[in-house]
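Engineer: Sharing a structure with you now.
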There are 2 protein chains.
Amino acid sequence: MSWIVREEGFDPQRITNHGSKFMTGNGYMGYRGTLEEFSKEQLTAVTLAGVYDQIGTKWREPVNAPNGLRTRLFADGAELSVLNSAVEKHVQELDIARGVHARETVYLTEDGARVTFRSERFVSMDQLHLIANRFTIHSDKDVRLTLETGIDGGVWDINGPHLKEAAYTSYEGTLTAAASTQELGIRVAVAECLAGPQEGQEEIAATEDGIIHRILLTLQAGSTYEWVKYVSVYTSLDDAEDALEAAVSSSRSALNTGYDALLQSHEEVWEQHWALSDVEIEGDDEAQHALRFSIYQLLIIAPAASEKVSIPARGLSGQVYKGAVFWDTEMFMLPFFLYTQPEIARNIMMYRKHTLDGARRKAAEYGYNGAYYAWESQDSGDDACTLFNITDVFTGRPMRTYFRDKQIHISADVAHGIWEYYKLTGDTGFLIDGGAEVIWECARFFYAYAGYYPLKRRYELLDVTGPDEYHERVHNNAFTNYMARHTLRVAVQMMDELEQQAPELYAKLAGEREGTPGLQEIREIAEQLYVPQPDAQTGVIEQFDRYFQLEDPSLQELKARILQPNEYLGGGNGIATTTQIIKQADVVLLMHLFKDEFAPEIKKANWEFYEPRTEHGSSLSPCVYALVASDIGMPDWAYPYFKRTATIDLTGDSKQYVGDLYIGGTHPAANGGAWMAAVLGFGGLQADEREVRLNPALPSEWSALGFKIRVRGQAFDIRITREDVRITSPAGNASEQPFRVEGRETLVRPGQSVTVSLKGLAPAGGSH
Amino acid sequence: MSWIVREEGFDPQRITNHGSKFMTGNGYMGYRGTLEEFSKEQLTAVTLAGVYDQIGTKWREPVNAPNGLRTRLFADGAELSVLNSAVEKHVQELDIARGVHARETVYLTEDGARVTFRSERFVSMDQLHLIANRFTIHSDKDVRLTLETGIDGGVWDINGPHLKEAAYTSYEGTLTAAASTQELGIRVAVAECLAGPQEGQEEIAATEDGIIHRILLTLQAGSTYEWVKYVSVYTSLDDAEDALEAAVSSSRSALNTGYDALLQSHEEVWEQHWALSDVEIEGDDEAQHALRFSIYQLLIIAPAASEKVSIPARGLSGQVYKGAVFWDTEMFMLPFFLYTQPEIARNIMMYRKHTLDGARRKAAEYGYNGAYYAWESQDSGDDACTLFNITDVFTGRPMRTYFRDKQIHISADVAHGIWEYYKLTGDTGFLIDGGAEVIWECARFFYAYAGYYPLKRRYELLDVTGPDEYHERVHNNAFTNYMARHTLRVAVQMMDELEQQAPELYAKLAGEREGTPGLQEIREIAEQLYVPQPDAQTGVIEQFDRYFQLEDPSLQELKARILQPNEYLGGGNGIATTTQIIKQADVVLLMHLFKDEFAPEIKKANWEFYEPRTEHGSSLSPCVYALVASDIGMPDWAYPYFKRTATIDLTGDSKQYVGDLYIGGTHPAANGGAWMAAVLGFGGLQADEREVRLNPALPSEWSALGFKIRVRGQAFDIRITREDVRITSPAGNASEQPFRVEGRETLVRPGQSVTVSLKGLAPAGGSH
């Protein structure tokens, strides 16, 4: 049960939500959880990772490929479709253990026949260009069936149409679609081979927006007819001479291999994924299900095969948020990959090296040195974020927001991600391949951005937007300043290491250039950058200069002031901006990231101060409150935030509109946040170059938590119960690894399983 | 004619406007140009300089005294009033030569009698607590008259009521009103003595809101009856043991002196004022009239007798803008007083010394050293400016504006005013009395505010609001940075002078204190503060960082986007904020203030660039464009801006509402701007400690311009024609004075009249 996502019945209101909930994908492309008869009106999409297009001044966004899986049924001339037919039974299912989507629908025809349509499909984890789809049709009476299946070029576009000069052809039974993007002329090609019964009559026909096989066949009562579609997608960005030829060749090859063999190879990859990534929760089936679903969502969008793409904020579930990569990736998704599949983490961070020039251009645009990473990063690293992102519901005017220009913490988030990767893997080669350059350029950026205040004898960062976007253009945002200082300190430490390990790279980076800081300057600012301290009385860190001076209404009071349901609470005149109500975890995120720097009572004070002031207007927020609550030994405070995070794409309960902007889709940051809340939070996992620490705090519902990690090249199994922690180091590991469980150090040797009893674990019970 | 402001007929729509247009006053109080029968509904007000009150969290604002001039007439029981009677003739007049207000109204009673009511009044320039009012009544038929005259305590309040515990009494025929302000308990007392015909029957009666003489008298057809009212106003802030006793005593003494003698003394002071301040324009009666009217408006609000008050942005015409003193005073009013009555200029600048502690408190509130002057300054120097100043017309919500927190140029404006005073008077005593301390504290403030950017090797001023309030929170606003640098440079120069002239004061200011800059630091930042330079290609100075990146619609295009007539174009979401459209002169004001630092072609380039982008949403704006246009030899470009400035309080054509906020009243900054545009602009006058320069540029309409100035203790008459400039140094002057006319130096000795011919004067004609 915990591996199956299932919905019975059909509700047209949930089409959009199900598109995200039943997603399949493989990191190369995402296929929304739509049904075979759907087209662009139902937001069917084959979203391609790393392929973007822009038309005029409209928002630049990902390109959706033509849909090779469209299939329509007609019984005696009348269409059978959940949208407008009599449906006796309808089930939609996703098997997250093996990434297989299935549906079964029983239609009642006008003549009283029961026609059963079953279809399953998978986006191959083994062959990244391939989607396979097997469907069967069965009727309890003879029915004259018309089956139309082929490639639907009516592509869902928010700011499209992105594909021009579409050509639909057939060549020896293989259907093809080929088109080019408007901006860069990227070729997008789709091929489809169909295998089915030899009966009936078939023609190939052009439709308004595609090409189909049209098959006329009389279904014999009681018989089942089966078809298989082998659909391949290539673009000219792929490593293939000709995208169209490659797609045709791939589909034909798949046809030869056959569905079952393809499925088996696909399942084997999934098996490996779960072997590395699964988390087991005992005593809480709902949590178990939601967490596995969250992990599934991360695995279907992971860039396992490319270091040129990263993970967009809405994964591969469409074009929302411009298909752009935000800080979400480093801060909320990276830890999962880092601890379970560091090779993918490496790809994710190498993406930042490949987009470094874009970040340099952005810094230069604003008059700074170094690298100012895009708030919304696409293929080139230039910022896709626009200056006007939201429509004012009161005037209909575009609203100026300061996401692009002022969210400078993005460069620190990138540097942080790189350093985390380096700490956990010891992969010096990665630093040499570009990681070091990125960190250094980010440090240079902060040096250029900071101003020195001689009376205070410190550098400050003015005019920034922190994670809490309801308060734009603030001074000395605590999160930003700590993160920037971290970047500067990391840069210094890195350079000290490079001086020994990679003297050439060291010399190249540290080399004196006109108008750029040297290592000595970075060293100085790293020590002199102001970071706000906890208040001596209350322990609370002020989110930014003068935040405490703002009005302090309750969240309820604030919400009572809302005049229009979708009005934006931030921006120029938003009602939250002049109050202490914040959109999402900001100081509290700091408590998580720098958990070793703050005493438990400080973390608790900040959690208790900021939690009631947090609107959680971002899906990134609840998991952070869960993490810090666990850290301070309050797992039952954490639990509701964990649940909210882990179920977001199951329930579909998230903000769907800001102003008139649709922001739905999957939430990979929350998916990653769910894993973090479980493993880093309740599991209390924290690793660095020296040791792996475990300070577990299981919520009352849970009797045990099991997970796997990989640290510095070695794999470990961890199982936490209310009584003890068992650490298993497989025999394949190379060397002993220091662990520290609740402060007690333990060395675990390859082939060994060590159990440490938990005496200090907080008793169950107590809720917030 | 040019000395008389006159309106015939009565239009209820113009009551508010006429209240400003027919103002009288003497710097101690202002009396709005309302009619005798008016009360608070018609915005009758006796606005007291320097007396403020606040109720709860409502805006703090000036206190209006009870109105001692209320007079109501009843003929056979029916009230005679312009508001609701048959009026055959009505004239309202103001004689600006001598500050006398008059009205004449002919009523037709129900019985067909013509009753003529004539009244004249003046707020004494000689006795500052006194208002005298003489009125006559005449009827062409016998009429039973009831006359009610006394003190009306129904005071116009915007955020009142400010007066509590009002007591109305009569003592031996003198009516009195006494009350206290709510916040500080300031006593406000009014006394009235009445002289009139011995006939008829009189009683003293309390009304709902005051006390009156009620006189019953049968007017004999053809006879004229005369009354005189002597009204005195005192507060407990005045130098008197008891405000009420002082008021009674003042009124009785005035009664003894008699109206004619009081009027004569009053007129003598006016004569002196005009002897010092008049400007004569030949060939343009309308301009002559408007300019004299502007000068009149300045004279009736000038703090001639007190250095504890300055001039509010709406003069003494009511409570608009909280009766607060803005930068308007130093930048737009001070030059008039400086060049004509430097004693008043001294009072105006000493006000800043008396409010220095308030400015220190404001600086400390925001975490800075030194003096951060109030954007809206009242009695204590604490900032009366609120954080929410405007109501959003779309939501009805208060709108956060950044006038109070970010308009740091105010401290530079104050320092500039002091230095201008010092340069033109050589009054070292003023520096010692506090001027030096103010300048030094302003310099310390800028030192604390500025951040140093090592890569650029310069200090910058981030997050400020310049004069153009449509663009709040900008970086390196050119105006602000130049003005701040000026303050720092002035501070250095001043300290160098004080070291010689006032070593004790020098030592006190320069003394090393923990956490405060010394002279050396101020010297350094004075040289290292960034000031934006003219673009090498275009000569245009960017108003602030990235201003040129903003959208560049025409003013017309922008205005076409307006959805609601009173919507505010600035603030969080204002439509001007994301464009290059500016509210008022900003860079161009810089061109005026630092006219010697910029080449004519730079001034012209900036004028031509910014003028089409200026909405002139502030009454401070047009005069600046007039000044710079004259300076670059384009007086005919200047002329319409001069006219617009000089006529603002005559026509009443100015913005009356921003959001739902009423902002009407008189415009002393524009009044001062009119004088500046005429004398500093067309006259081309510019003086400093070395010499007086004259670079005239008369507009086509004008054949001559004559004015008087006082520079470093000596008076001069200047007369400019199209052919020459005649400078007369009266025999009473002590020493020769260097003049420079169009670059040619001339020494003018006492008793001498020198005429310099103008060869280089730009030919008339040509308009923009």
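Engineer: Rank the residues A:Trp637, A:Trp675, B:Trp59 as a footprinting-exposure proxy: fewest other Cβ atoms within 10 Å of their Cβ go first. Write out the running numbers ahead of the final one.
Structural biologist: Values: A:Trp637 22, A:Trp675 28, B:Trp59 18.
Ranking A:Trp637, A:Trp675, B:Trp59 by Cβ neighbours within 10 Å, fewest first, gives B:Trp59, A:Trp637, A:Trp675.
Engineer: Positive end of the charge dipole of segment B:90-192 (Lys, Arg +1 and Asp, Glu -1 on Cβ, about the Cα centre): tell me which of B:Phe122, B:Leu108, B:Gly153 has its Cα farthest that way.
Structural biologist: Towards the positive end, the residue furthest out is B:Phe122.
Engineer: Taking the number of other C-beta atoms within 10 Å as the exposure measure, put A:Tyr339, A:Tyr422 in order starting with the fewest.
Structural biologist: Least crowded to most crowded, the residues run A:Tyr422, A:Tyr339.
Engineer: May I ask you to evaluate 6.51 cos²θ - 1.76 cosθ + 1.60, the Karplus curve with θ = phi - 60°, for each residue of segment A:753-759 and list the ³J(HN,Hα) values in order in whole Hz, giving x for glycine and proline?
Structural biologist: Ordered by residue, 3J(HN,Hα) equals 10, 10, 10, 10, 7, 9, 8 Hz.
Engineer: Moving on to the next point. What distance in nm separates the simple spin-label points at B:Thr136 and A:Thr651, each placed 7 Å from Cα in the Cβ direction?
Structural biologist: 8.8
Engineer: Cross-link candidates for B:Lys141: which lysines have Cα within less than 18 Å, leaving aside residues fewer than 8 places away along the same chain?
Structural biologist: B:Lys89
Engineer: Could you tell me the center-to-center distance, by alpha carbons, between segment A:1-42 and segment B:119-195 in angstrom?
Structural biologist: Cα centroid of segment A:1-42 versus Cα centroid of segment B:119-195: 82 Å apart.
Engineer: In what sequence do B:Tyr234, B:Tyr31 fall when counting other Cβ within 10 Å, fewest first?
Structural biologist: The fewest-first ordering by Cβ neighbours comes to B:Tyr234, B:Tyr31.
Engineer: Evaluate the distance, in nm, between pseudo-label points positioned 7 Å from the Cα of A:Arg513 and of B:Ile432 along their respective Cα→Cβ axes.
Structural biologist: Each label point lies 7 Å from its Cα, and together they span 5.9 nm.
Engineer: Got a sec to turn the phi values of segment A:463-478 into Karplus ³J(HN,Hα) couplings, 6.51 cos²θ - 1.76 cosθ + 1.60 with θ = phi - 60°, whole Hz, x for Gly and Pro?
Structural biologist: Result, rounded to whole Hz: 6, 10, 10, x, x, 6, 6, 6, 10, 8, 6, 9, 10, 6, 4, 4.
Engineer: For B:Asp242, list long-range residues whose amide hydrogen, built 1.01 Å from N in the peptide plane, is under 5 Å from its own amide hydrogen.
Structural biologist: Counting only residues 5 or more places away or on other chains, the set is empty.
Engineer: Taking N as the number of residues in segment B:691-768, what value does Rg over Cα atoms divided by 2.2 N^0.38 Å take?
Structural biologist: Here the answer is 1.14, to two decimals.
Engineer: State the answer as a single residue: which of A:Leu262, A:Thr425, A:Thr647 lies farthest towards the positive end of the charge dipole of the protein assembly as shown, with beta carbon charges of +1 for Lys and Arg and -1 for Asp and Glu, about the Cα centre.
Structural biologist: With unit charges placed on the Cβ atoms, the residue in question is A:Thr425.
Engineer: Let me ask something else about it. Which of the trypsin sites (Lys or Arg not before Pro) across segment B:482-540 are loop residues per DSSP, with 14 or fewer other Cβ within 10 Å?
Structural biologist: Those that pass, being in a loop and sparsely packed, are B:Arg513.
Engineer: Could you state the principal axis extents of the C-alpha atoms in the protein assembly as shown, from the largest down, to the nearest angstrom?
Structural biologist: 124, 79, 71
Engineer: Once the label point is placed 7 Å from Cα along Cβ, list for B:Ser757 the distances to the corresponding points in the other copies, in nm, shortest first.
Structural biologist: Distances to the matching label points in the other copies: 11.7 nm.
Engineer: Could you tally the net charge around B:Val188, taking each other residue with its Cβ under 13 Å from the Cβ of B:Val188, Lys/Arg +1 and Asp/Glu -1?
Structural biologist: That works out to -4.
Engineer: Same structure, new question: Name the long-range amide H neighbours of A:Gly68: under 5 Å, sequence gap of 5 or more, or other chain; modelled H, no Pro or chain starts.
Structural biologist: Placed amide hydrogens put A:Asp152 under 5 Å from A:Gly68.
Engineer: Would you mind pulling out the separation of the Cα centroids of segment A:598-626 and segment B:438-509, in Å?
Structural biologist: Cα centroid to Cα centroid, the span is 41 Å.
Engineer: In debye to the nearest 20, how big a dipole does segment B:289-405 give about its Cα centre with +1 on each Lys and Arg Cβ and -1 on each Asp and Glu Cβ?
Structural biologist: Computed charge dipole of segment B:289-405: roughly 60 debye.
Engineer: Can you work out the Karplus-derived ³J(HN,Hα) for every residue in segment B:736-750? Use 6.51 cos²θ - 1.76 cosθ + 1.60 with θ = phi - 60°, whole Hz, and x for glycine or proline.
Structural biologist: So the J values, rounded to whole Hz, are 6, 10, x, 10, 9, 9, 6, x, 9, 7, 9, 9, 10, 9, x.
Engineer: Roughly how far apart, in whole Å, are the Cα centres of segment B:389-421 and segment B:518-581?
Structural biologist: First find each Cα centre; the distance between them is then 15 Å.
Engineer: Sticking with this one: Using C-alpha positions alone, give me the convex hull volume of segment B:169-215 per residue in cubic angstrom. If you can, show how the numbers build up before the last one.
Structural biologist: Details: hull volume 3.2 nm³, N = 47.
Each residue corresponds to 68 Å³ of Cα convex hull volume.
Engineer: Turning to a different aspect of this structure: Would you pull out the residues with amide H under 5 Å of A:Leu747's amide H, same chain only if 5 or more places away, H placed 1.01 Å from N?
Structural biologist: A:Phe739
Engineer: Shifting gears a bit: For B:Lys21, go through the aspartates and glutamates and keep the ones whose alpha-carbon is under 13 Å away, minus same-chain ones fewer than eight residues off.
Structural biologist: Those aspartates and glutamates meeting the cut-off are B:Glu7, B:Glu93, B:Asp95, B:Asp649, B:Asp653.
Engineer: Right, next: Using a label point 7 Å beyond Cα on the Cα-Cβ vector, give me the inter-copy distances for A:Tyr366 in nanometres, one decimal, shortest first.
Structural biologist: With the label placed 7 Å along Cα→Cβ, A:Tyr366 yields 2.3 nm.
Engineer: In addition: Can you give the translational diffusion coefficient of segment A:276-353 in µm²/s, computed by Stokes-Einstein from the Kirkwood radius over Cα pairs at 20 °C and 1.002 mPa s?
Structural biologist: 163
Engineer: Sticking with this one: Roughly how tilted is helix B:342-354, in degrees to the nearest 10 and between 0 and 90, from the longest Cα axis of chain B?
Structural biologist: In chain B, helix B:342-354 runs at an angle near 80 degrees to the longest axis.
Engineer: Moving to a separate point now. Treating the beta-carbon of each Lys and Arg as +1 and of each Asp and Glu as -1, no other charges, what is the dipole magnitude of the protein assembly as shown about its Cα centre, to the nearest 20 debye?
Structural biologist: 1320
Engineer: Still on this structure, I have one more. Under a point-charge model restricted to the Cβ atoms of Lys and Arg (+1) and Asp and Glu (-1), what is the dipole moment magnitude of segment A:278-682 relative to its Cα centre, in debye to the nearest 20?
Structural biologist: My answer is approximately 780 debye.
Engineer: In the protein assembly as shown, if the dipole is taken from +1 on Lys/Arg beta carbons and -1 on Asp/Glu beta carbons about the Cα centre, which of A:Leu593, B:Tyr225, A:Ala167 is farthest to the positive end?
Structural biologist: Checking the options against the dipole of the protein assembly as shown, the answer is A:Leu593.
Engineer: Please give me, ordered by residue number, the trypsin sites (Lys or Arg not before Pro) of segment B:297-358 that lie in loop per DSSP and have at most 16 other Cβ atoms within 10 Å.
Structural biologist: B:Lys308
Engineer: How compact is chain A by the rule of thumb for globular proteins, expressed as Cα Rg over 2.2 N^0.38 Å?
Structural biologist: 0.98
Engineer: So, one more: Using DSSP to define loop residues, name the GluC sites (Glu not before Pro) in segment A:513-621 whose beta-carbon has at most 14 other beta-carbon atoms within 10 Å.
Structural biologist: In loop regions of segment A:513-621 (DSSP not H, G, I, E or B), the sparsely surrounded GluC sites (Glu not before Pro) are A:Glu514, A:Glu597.
Engineer: Which of the lysines could a cross-linker span from A:Lys353 if the Cα-Cα distance has to be under 20 Å and same-chain partners fewer than 8 positions apart are dropped?
Structural biologist: A:Lys308, A:Lys362, A:Lys423, A:Lys508
Engineer: Can I ask one more? Evaluate the relative contact order of segment B:9-247 (contact order divided by residue number), counting alpha-carbon pairs under 8 angstrom at least 6 apart; express in whole percent.
Structural biologist: 19
No lab work stands behind these numbers, since they all come straight from the coordinates. From a predicted model like this one, the values you see are computed outputs, not experimental measurements. In this analysis, Cβ positions are derived from the backbone assuming ideal geometry, glycine residues included, and neighbour counts consider all displayed protein chains.
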